[in-house]
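S.K.: Let me give you the structure first, and then I'll get to my questions.
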Amino acid sequence: MNRSTVVIAASMVAIPMLLAGCSSMNPVSPTAVAALAPTKGSQVSGTVNFTQRGDRLIVEAKVTGLTPGLHGFHVHEKGNCTAPDGSSAGPHFSAVPAQHGGPDTPARHGGDLGNLTADSTGTAIAKIEVKGLSLGTGEDSIIGRSVIVHEKADDLKTQPSGASGARLACGLISKSKDKWF
């Protein structure tokens, strides 16, 4: 066997073995992000990250400038944050007709994420897992929609929005660049 035949034969064995154990050839879960900007008169801002894991969406938020306590947190129908009061984002997003509820309520708007809890410094850090939303291309996709943080606690029952008050911050949900690791 000549030298080039040995190199080719070794490559035919080594490359498939390398690729089989290499996670760098598999894409990570789809992700999206929303940069929250304050509405008129508000100081609330932050970032919300979304990660798809099977039929669940992981929502991770860090929001600052809040008053201590609970604040309604929802995905809204329209990806439009141009109105000074955030009203251009429309109502809560729902791919199927439903009543308002909490993130664990069987019947709820898909965009009902419950509440953020701000600490004494006005910072809320949350991780929420929900079903009924995706980062795909189907009716349940939140790409191109908006996320809103509200002034008051969402009571998880009052129709149509949980009596959560004014919109303090709004952010457009945009798909993150696909990554390969």
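S.K.: Where does each of Arg167, Arg56, Arg145 land when they are ranked from fewest to most other beta-carbon atoms within 10 angstrom?
M.R.: Ordered from fewest to most neighbouring Cβ atoms within 10 Å, Arg167, Arg56, Arg145 come out as Arg56, Arg145, Arg167.
S.K.: Could you pull out the GluC sites (Glu not before Pro) across region 107-157 that fall in loop regions by DSSP (anything but H, G, I, E, B) with no more than 14 other Cβ atoms inside 10 Å?
M.R.: Qualifying residues, ordered by number: Glu139.
S.K.: Place +1 on the Cβ of every Lys and Arg and -1 on the Cβ of every Asp and Glu in region 31-175, take the dipole about the Cα centre, and give the residue among His74, Ser94, Val48 whose Cα lies farthest towards its positive end.
M.R.: Val48
S.K.: What is the magnitude of the charge dipole of region 131-181 about its Cα centre, with +1 placed on the Cβ of each Lys and Arg, -1 on the Cβ of each Asp and Glu, and no other charges, expressed in debye to the nearest 20?
M.R.: Approximately 180 debye in magnitude.
S.K.: How long are the semi-axes of the equivalent ellipsoid of region 98-181, taking √(5λ) for every eigenvalue λ of the Cα gyration tensor, in whole Å from largest down?
M.R.: Value: 23, 18, 12 Å, ordered largest first.
S.K.: Further question: Taking the simple approach of a point 7 Å from Cα along Cα-to-Cβ for both Ser174 and Ile125, what is their distance in nm?
M.R.: 2.6 nm
Just so you know, all these numbers are worked out from the coordinates, no wet-lab data involved. Nothing here was measured: the structure is a model prediction, and the numbers come from that model. Quick reminder, even Gly has a Cβ in these numbers, built from the backbone with ideal geometry, and neighbours come from all protein chains shown.
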